[in-house]
Amino acid sequence: MLYAIIATDVPNSLDARMAARPTHLARLEQLKEEGRLVLAGPHPAVDSNDPGSAGFSGSLVVAEFDSLEAAQTWAAADPYKAAGVYGEVVVKPFKKVLP
């Protein structure tokens with residue numbers, strides 16, 4: 001089943017986010033290689049694809065996992081979580097309708 005992982009950054013997290021980004025992206029690449037990743041990306045803190053020093057307010061990952069517990073376990077091990085970038089992470093079942 002698909003799950004949406006919706007994370008919210010803590011204030012002033014840009015430096016920690018950039019430091020942890022390579023390991024964060026490596027985990028996403030693994031999901032992609034396994035054919036389980038639907039989409040992933042950050043939420044810019046301002047209305048721009050390149051928010052500069054404003055940074056990001058969070059992230060969204062939609063991917064396939066065997067269970068809600070498996071998705072929660074994967075999300076809890078995210079390098080951004082360990083680096084203190086994420087203040088809150090919510091994992092919900094997701095039903096893709098379109099496209």
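Looking across A77, A83, one residue alone is of a type outside the set (S, T, Y) and touching a Ser or Thr at 6+ places or on another chain (Cβ under 9 Å). It is A83.
Filtering the range 1-53 to residues that are of a type in the set (A, V, I, L, M, F, W, C), touching a strand residue (DSSP E or B) at 6+ places or on another chain (Cβ under 7 Å) and over 15 Å from G84 (Cα atoms) leaves M1, L2, A4, I5, I6, L28, L31, L37, V38, L39, A40, A45. Cβ-Cβ below 6 Å, separation at least six or inter-chain, first residue in the range 76-97 and of a type in the set (D, E), second in a strand (DSSP E or B) and surrounded by fewer than 18 Cβ atoms within 10 Å (Cβ to Cβ): which pairs? Filtered contacts from the range 76-97: E88/T8.
FYI, it's all coordinate maths here, none of it is from the lab. Computed from a prediction, not measured in an experiment: that's the story for all the values here. Neighbour counts run over all protein chains shown; Cβ positions are idealised from the backbone, glycine included.
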